[in-house]
1. Would you say residue B:75 is touching a helix residue (DSSP H, G or I) at 6+ places or on another chain (Cβ under 9 Å), free of Cβ contacts under 8 Å to residues at least 60 places away in the same chain, buried (at least 24 other Cβ atoms within 10 Å of the Cβ) and within 15 Å of residue B:34 (Cβ to Cβ)?
2. Across segment B:172-193, what is the number of residues that are under 14 Å from residue A:186 (Cα atoms), aliphatic (A, V, I, L, M) and touching a helix residue (DSSP H, G or I) at 6+ places or on another chain (Cβ under 7 Å)?
3. Regarding residue B:61, is this residue crowded, with 16+ Cβ neighbours inside 10 Å, out of contact with any helix residue (DSSP H, G or I) (no Cβ under 8 Å at 6 or more places or on another chain) and not in a loop (DSSP other than H, G, I, E, B)?
4. Within segment B:115-138, which residues are touching a strand residue (DSSP E or B) at 6+ places or on another chain (Cβ under 9 Å) and within 25 Å of residue A:166 (Cβ to Cβ)?
5. Since residue B:67 meets every condition but one in (1) part of a loop (DSSP other than H, G, I, E, B); (2) surrounded by 18 or more Cβ atoms within 10 Å (Cβ to Cβ), which condition does it not meet?
6. Just one of B:224, B:231 is modelled with pLDDT of 95 or more, more than 25 Å from residue B:165 (Cα to Cα) and assigned to a loop (DSSP other than H, G, I, E, B); which is it?
7. For residues in segment B:19-57 being in contact (Cβ under 8 Å) with a residue 12 or more places away in the chain, part of a helix (DSSP H, G or I) and over 20 Å from the mean Cα position of the chain (by Cα), which is surrounded by the most Cβ atoms within 10 Å (Cβ to Cβ)?
2 protein chains.
Amino acid sequence: MELIDGNKIAAEIAAELKIEVSAIAGRKPCIALLRVGDDVASISYVRKKEKTAAEIGLESRIILPPVTISQAELFALIDQLNNDPGVDGILVQSPLPKHIDEVAVFRRVSPAKDVDGFNTLNLGKVAQEDETGFVACTPAGIMELLARSGVDLKGKHVVVLGRSLIVGKPVALLALQKKAGANGTVTICHSATANLPAMTRQADVLIAAIGRAEFVTADMVKPGAVVIDVGINRVVDASKKSGYRLTGDVHFVSVAPLCAKITPVPGGVGPMTVAMLMKNTLKAYRLQACG
Amino acid sequence: MELIDGNKIAAEIAAELKIEVSAIAGRKPCIALLRVGDDVASISYVRKKEKTAAEIGLESRIILPPVTISQAELFALIDQLNNDPGVDGILVQSPLPKHIDEVAVFRRVSPAKDVDGFNTLNLGKVAQEDETGFVACTPAGIMELLARSGVDLKGKHVVVLGRSLIVGKPVALLALQKKAGANGTVTICHSATANLPAMTRQADVLIAAIGRAEFVTADMVKPGAVVIDVGINRVVDASKKSGYRLTGDVHFVSVAPLCAKITPVPGGVGPMTVAMLMKNTLKAYRLQACG
């Protein structure tokens, strides 16, 4: 069994991006990081993005509207960033306060600056295999992890567990694409799937993105499979100082020994998400600079 | 074995649409049918669409630019139709002459008038389960055929053979949606799939859209399956006056006896496509009228 080290691969990508960015004369690519309110997890996520941007040499602009901001005011703020030629990418940190329609806010971001890849047009481009769009960071990160771990999906059966808009569907569409590294046969399972273990046991590559702690057990995995664990779940653990521990959607201790390769949680898919956000920002910069 | 009669179901839909349209006071919904040049098959397809529109009570506007039209001129024509408040839907008949970029032309059609559902934004909306968009006519027709034949996909394994943009991918996304009638577990197979018969034999519902005459044989189908044949292939047949016959992607004579339900070719999915185009035109009218 080989552990796929997301931290290491993300660091490689960051190092590559740093070289690319350092070669840019003049204005550097800039990402606007917009965080509404003071959610503890959001503060830490935005800080991590800011820090990674700085390491790579990207500019970042932190925008911190109060939790009381109205939807109209937030739209106006996004419109400003959309029209600002000094801003290449815009990230609106989720979750937003309950009085704001999150989907509407994500859609307000111009497709050309949608480095999070949540815009309808960019999802359509993933389906159409149109490389001018932005792929959402988590599915893009999964594909990059696979590629850099020497996993070619061609002729493989890829089973995706979960049909969410930000992971399950886009990663299924990516795995299916007619391009080198992809070309997988793809099955998407979810809460309504009958006889789930029989489906997941067919997977040469299993991507678990169902958001249920340790849901995938050894009886659901074919020996020799590659397992990508996208889940990040908090479970109560009295032995920890914080009172909880992080776990994936895969019951790691029983599944890992069966696998050819597996991602740990934390340290697998998670770090890739930030790396892909930075990669998208550089892409947005180049697309904007080149018309 | 029950034959799914596409002609009958399409006629039912047309009759329903006719009632809806007759209730509209004032301007009736209008579809612009744009055909470039004199391709024989295109002439017949556009005529069929015109005739169905007339039966339902929709207006149609036939636009026949010469085969020598430039891409820029065609764009200008589409822009005119995009801006014409008297036109609700725009259909550009495929294929276009070789000197014209077909994908670019389809994208030129305003998403709000894209009754063919080929626009990137509308495909993104299918993925996002956003009902304000237009679903491409063939996949929409397949879902309607299934629904009106009493086939509920929930808990079923739906295997889609083919990953095209206009059939395979959108029908997979539709079958996967979290709504009544859908909720299927979906597998997409294609030319690079290893051990294809083992995959297709798992299908409770098999949707063949691979464009290869009589490709699906009895050994590839599970007894009791529902089979939807999307293929329309011409094969040489000296016994026919025309010198050819039409056949689907399924080897009908050997597969049909195995099936719970199956669509014939012709007379299965084909007629549904025109019916769904008309349904989309009425939808475009209502969306335009209601802002």
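1. Working: touching a helix residue (DSSP H, G or I) at 6+ places or on another chain (Cβ under 9 Å): yes; free of Cβ contacts under 8 Å to residues at least 60 places away in the same chain: yes; buried (at least 24 other Cβ atoms within 10 Å of the Cβ): no; within 15 Å of residue B:34 (Cβ to Cβ): yes.
The answer is no for residue B:75.
2. 3
3. yes
4. Listed by number, the residues that qualify are B:118, B:134.
5. Evaluating residue B:67 over (1) part of a loop (DSSP other than H, G, I, E, B); (2) surrounded by 18 or more Cβ atoms within 10 Å (Cβ to Cβ) leaves (2) as the failure.
6. Just one listed residue meets the conditions, B:224.
7. The residue in question is B:21.
Each row is one residue, and each column tells you yes or no for (1) within 15 Å of the chain's Cα centre (by Cα); (2) assigned by TED's automatic domain parsing to the domain that holds residue B:266; (3) among the acidic types (Asp, Glu).
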| position | (1), (2), (3) |
| --- | --- |
| B:87 | no, no, no |
| B:92 | yes, no, no |
| B:99 | no, no, no |
| B:118 | yes, no, no |
| B:127 | no, no, no |
| B:131 | no, no, yes |
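The values are calculated or read from the model by the stated rules, or taken from the named source; none is laboratory data. Computed from a prediction, not measured in an experiment: that's the story for all the values here. Cβ sites come from the backbone with ideal geometry, for glycine too, and all protein chains shown count toward neighbours.
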